[in-house]
Amino acid sequence: MASDKYQQIAELLFEVEIQLRQLNYWQDALPSVEALSSELPFSHDILAFPQWLQFIFLPRMHELIEYAAPLPTACAIAPYAEEYFKRGDANVQTLLAHLTEIDTLLTDL
């Protein structure tokens, strides 16, 4: 059912936020309007990946869920996340697992 998918995604988004907070990637200050308006994938020209998750991905997905709008039918966040974190924090496995699950739920096979 579609509502089950929305619920599953909502729960995973909450878990992603928890992980970002636990890993100290969560920021209190909102980036500039310019930083939030990048048109490149993951806003990689201006934002760090955790910032993109917090300020772009999470709010957009919450909005889609709130209005029961159509969800994306293709998603590949986990590979980018794996690449971003491969040289850094070793404690990101739970975050990566949640992102992989989001990718799986959103991608129509």
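Under 1.5 on a/c is rounded, so check that first for segment 22-109, then, if it is not, pick prolate when a/b is larger than b/c and oblate when it is not; a ≥ b ≥ c are the square roots of the alpha carbon gyration tensor eigenvalues.
Taking the square roots of the gyration eigenvalues as a ≥ b ≥ c, segment 22-109 is oblate.
The chain: longest stretch without exposed trypsin sites (Lys or Arg not before Pro) (DSSP loop, at most 10 other Cβ within 10 Å), sites themselves excluded?
1-85
Could you give me the ³J(HN,Hα) list for segment 11-19, computed from phi with Karplus coefficients 6.51, -1.76, 1.60 and θ = phi - 60°, whole Hz, x at Gly and Pro?
In residue order, the calculated couplings are 5, 5, 4, 4, 5, 4, 4, 4, 5 Hz.
Using the basic label-point model (7 angstrom from Cα toward the beta carbon), what is the ARG87 to ASP108 distance in nanometres?
Once both label points are built, they end up 3.8 nm from each other.
If Lys and Arg each add +1 and Asp and Glu each add -1, what is the summed charge of the other residues whose beta carbon sits under 11 Å from the beta carbon of ILE46?
-3
Within segment 1-50, which GluC sites (Glu not before Pro) sit in a loop by DSSP and count at most 15 neighbouring Cβ atoms inside 10 Å?
Sparse-neighbourhood loop GluC sites (Glu not before Pro): GLU34, GLU39.
On full extension of the chain, what length is gained from GLN7 through LEU36, given 0.36 nm per residue of separation minus the C-alpha to C-alpha distance?
Gain on stretching GLN7 to LEU36: 7.8 nm.
Every number in this text was worked out from the coordinates using simple rules, so none of it is lab data. Here the structure is a predicted model, which is why all the values come from computation and not from measurement. When we count neighbours, we look across all protein chains shown, and the Cβ atoms used for this are built from the backbone with ideal geometry, even at glycine.
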